[in-house]
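J.: One structure is given below, represented as structure tokens, and several questions about it will come after.
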Amino acid sequence: MTTIDTARPTNLRLQEVFDDVLQALLDAITRHRVTWEEFRVATEWLTEAGDQGIEIPLMLDVFLSSTVDDLAHAGDGTENNLEGPYYVPDAPFLHHPYVLPQRQDEPGEKLHFAGRVRSTDGTPLAGAVLDVWQSNGLGEYSHVQPDLPEFNLRGRLVADQDGCFEFMTVVPVPYAIPTDGATGRLLAAMGREPFRPAHIHFRISHPDCEPLTTQIYFEDDPWLDADVAGAVKESLVTPVTRWADAGGGQYAGCAYDFVLSGSATAPSALRAG
Ligand code: MBD
Ligand code: FE
């Protein structure tokens, strides 16, 4: 005799959250008496976003991710911040002295970025790996803007025995969400500015600590208080100083010390040997 098992597993967490999300959407539709015409436009917009590859992650990062990211904050190290839609894994390991890969004629001002990586108990994190990525001096990311070389302004570097690191790059500029995609068109239709303040992304890891994903912003950026993604945290904003270089020109310099949660003095199999 065969029995047919009709019991389906129920994901209660999904059920609970989805019910609330759906109810919020239904409430909005009812409250605003959304018409079939408007509903059709929304359907087309979602279809378009789905057909555009990066647009759905971009749209989620603009509207929702920073709230999820705030909830994910744990420990008392450097505050985490959005990974954003443009991280590319396996960026090249750079050789000392570190310079983020760039074109011969890379536009923008030269930037020297220095800092130290420590754990919350103050221990320098020798050998911490910093995976760094940013847009260029025109606000373009490699692997997004098709004419940029692979891994332009992306690379991994290693902190020295004192947890210190430094690298040369260019000063990023405020980033505008592309206006020709679904996200950009929605922002434009709502009369909202598409800008994020200039930022450099970091993913920092060390065997003894929790990995940290964050972004560093720059003082006096006009978009700090009006980030379209609402992600800026005051503790992640650093001042920029201008220095004279040997050739009579100048370059920008900034510094940031990162703190990773988790104890570097805790015994760890990964540290042995
Ligand atoms: C970005 O470059 C970014 O970092 C985030 C969080 C959202 C959109 C574009
Ligand atoms: Fe970014």
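None of the figures in this text is laboratory data; all of them are computed from the coordinates on show. Here the structure is a predicted model, which means the values were calculated and not measured. When we count neighbours, we look across all protein chains shown, and the Cβ atoms used for this are built from the backbone with ideal geometry, even at glycine.
J.: If eta is 0.890 mPa s and T is 25 °C, what Stokes-Einstein diffusion coefficient results for the range 12-51, Kirkwood Rh from Cα pairs, in µm²/s?
T.: Numbers: Rh = 11.5 Å.
Reported coefficient: 213 µm²/s.
J.: Then there is this: I'm a student and want to see the number: the projected area of the Cα convex hull of the range 73-229, averaged over all directions, in nm².
T.: Result: a mean projected hull area of 10.2 nm².
J.: I would also like to ask the following. Could you give the Stokes-Einstein D for the range 67-136 in µm² per second, using the C-alpha Kirkwood radius, 4 °C, 1.567 mPa s?
T.: In µm²/s, the coefficient is 85.
J.: Another one. With N set to the residue count of the range 132-184, report its C-alpha Rg divided by 2.2 N^0.38 Å to two decimal places.
T.: Its radius of gyration relative to the 2.2 N^0.38 Å reference: 1.42.
J.: If you split all Cα-Cα distances of the range 140-273 into 5 Å bins from zero, what percentages do you get per bin, shortest first?
T.: Reading the bins upward from 0: 2, 8, 14, 16, 17, 16, 11, 8, 5, 2, 1, 0.
J.: For the range 198-252, how big is Rg over Rh, using alpha carbon atoms and the Kirkwood form of Rh?
T.: Rg/Rh for the range 198-252 comes to 1.11.
J.: Tell me, what are the semi-axes, in whole angstrom and largest first, of the equivalent ellipsoid of the range 8-149 as set by the roots of 5 times the Cα gyration tensor eigenvalues?
T.: Semi-axes from the Cα gyration tensor: 39, 25, 13 Å.
J.: Quickly rank 151-163, 36-48 as a protection proxy: mean count of other C-beta atoms within 10 Å, highest first.
T.: Per-residue Cβ counts within 10 Å, averaged per peptide and sorted highest first, yield 151-163, 36-48.
J.: Sticking with this structure for a sec: Search the structure for amide H atoms under 5 Å from the amide H of residue 170, placed 1.01 Å from N in the peptide plane, and list their residues when 5 or more places away or on another chain.
T.: So residue 170 has HN proximity to 111.
J.: Quick one: 3J(HN,Hα) in Hz for the range 205-215, Karplus 6.51/-1.76/1.60 with θ = phi - 60°, rounded, Gly and Pro as x.
T.: Karplus values, whole Hz, x for Gly and Pro: 9, 8, x, 8, 10, 6, x, 10, 10, 8, 9.
J.: Kindly provide the Kirkwood hydrodynamic radius of the chain in Å, to one decimal, from all pairs of distinct alpha carbon atoms.
T.: Over the chain, the inverse of the mean reciprocal pair distance is 21.2 Å.
J.: Would you mind checking which residues have amide H under 5 Å from residue 260's amide H? H placed 1.01 Å from N; only 5 or more apart, or other chain.
T.: Amide H to amide H, under 5 Å and 5 or more residues apart or across chains, residue 260 pairs with 78, 118, 119, 120.
J.: Give or take rounding to whole Å, what are the principal axis extents of the alpha carbon atoms in the range 1-90, in descending order?
T.: Taking max minus min along each principal axis of the Cα atoms, the range 1-90 gives 58, 47, 30 Å.
J.: Can you give the angle from 0 to 90° between the axis of helix 36-51 and the longest principal axis of the chain, with both taken from C-alpha atoms, to the nearest 10?
T.: That works out to roughly 40 degrees.
J.: How far is it, in nm, from the label point at residue 114 to the one at residue 188 when both lie 7 Å from their Cα along the line to the Cβ?
T.: 4.4
J.: So in the range 60-272, what percent of DSSP beta bridges are antiparallel if you round to the nearest 5?
T.: Working: 31 of 43 bridges.
Looking only at bridges with both residues in the range 60-272, the antiparallel portion is about 70 percent.
J.: Between 119, 235, 135, where does the largest GNM mean-square fluctuation fall for the chain, given springs only between Cα atoms within less than 10 Å?
T.: 235
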